[in-house]
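Nothing in this text is a laboratory measurement; each read-out follows from the coordinates by a stated rule. Computed from a predicted model, the values in this text were never measured in an experiment. We place every Cβ from the backbone using ideal geometry, glycine too, and count neighbours over all the protein chains shown.
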Amino acid sequence: HYPLRRQRQMCIRDSSSSVALSLYDAFHYTALGHLHAQQRLSDRAFYCGSLMKYSFSEVSQKKGVIIVDMDAAGNVTTTPLVLTPPHELSVLKGRFEDLLTHPRLEERENYLKIVLTDSTPVLDPKSRLEAVYPHILQLGYEGLSKEELAEQIAAKVLDPEVMKSIFLQADEWEI
């Protein structure tokens, strides 16, 4: 095995910068792996891509397989076949109240990354949004650093009016 640093060097999207495509000419078909996006390098060389989306950076990628037919003479025909997962990956972006009160129902069954654009943090946004979107995998804020977020949350939690509101709501909670 190559060290990890070497593997990263080998996995360049444009393989022509690391391996000459002409090296594959001796083969009828070359199936390459490791890259997540399906890519056709030539009539004979393909990256098959991954079967599933493994990151939110792959949201716009179509996943599938390449069906390869080769006759006795070595002539190759390839047919891409798109796979549809039971849950797509999606990214929802918007203000907390908008996402909650105007739900995007077409996204309800997808695995979600939610990016809140509110200028101040919302108390317990994930569990509140899960009433509408049950498959939230990530939730974050756009434009707020972790430090700003922590400071604003601490200020809200220590605010006497917020504490009073939480205490009064506790009577309604089932324990």
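Relative to a virtual label point 7 Å from the Cα of S57 in the Cα→beta-carbon direction, which members of region 104-124 show backbone nitrogen distances below 20 Å?
Residues passing the 20 Å test: 111-115.
Computed FRET efficiency, Cβ-Cβ of T117 and S18, R0 45 Å: what is it to the nearest 0.05?
Numbers: r = 40 Å, r/R0 = 0.89.
That pair, T117 with S18, gives E of 0.65.
If you take every residue apart from L92 with its C-beta less than 9 Å away from the C-beta of L92, what net charge results, scoring Lys and Arg +1 and Asp and Glu -1?
Values: positive: K93, R104, K113; negative: E107.
Net local charge, L92 excluded: +2.
Considering amide H positions built from the backbone, and no H for Pro or chain starts, which residues 5 or more places from A37, or on another chain, come under 5 Å of its amide H?
S50
Computed FRET efficiency, Cβ-Cβ of E142 and N75, R0 45 Å: what is it to the nearest 0.05?
Working: r = 52 Å, r/R0 = 1.14.
The pair E142/N75 has a calculated efficiency of 0.30.
Are any of the pairs K62/K146; K53/K126; K93/K146; K63/K113 more than 24 Å apart by Cα-Cα distance, and if so, which? Write out the running numbers ahead of the final one.
On the way: K62/K146 33 Å; K53/K126 22 Å; K93/K146 18 Å; K63/K113 19 Å.
Flagged as over cut-off: K62/K146.
Could you work out how much longer the chain between E106 and H28 gets when fully extended? Use 0.36 nm per residue separation minus the Cα distance between them, nm to one decimal. Spell out each step's value before the answer.
Details: separation 78, 0.36 × 78 = 28.08 nm, distance 4.33 nm.
Contour length minus Cα-Cα distance gives 23.7 nm.
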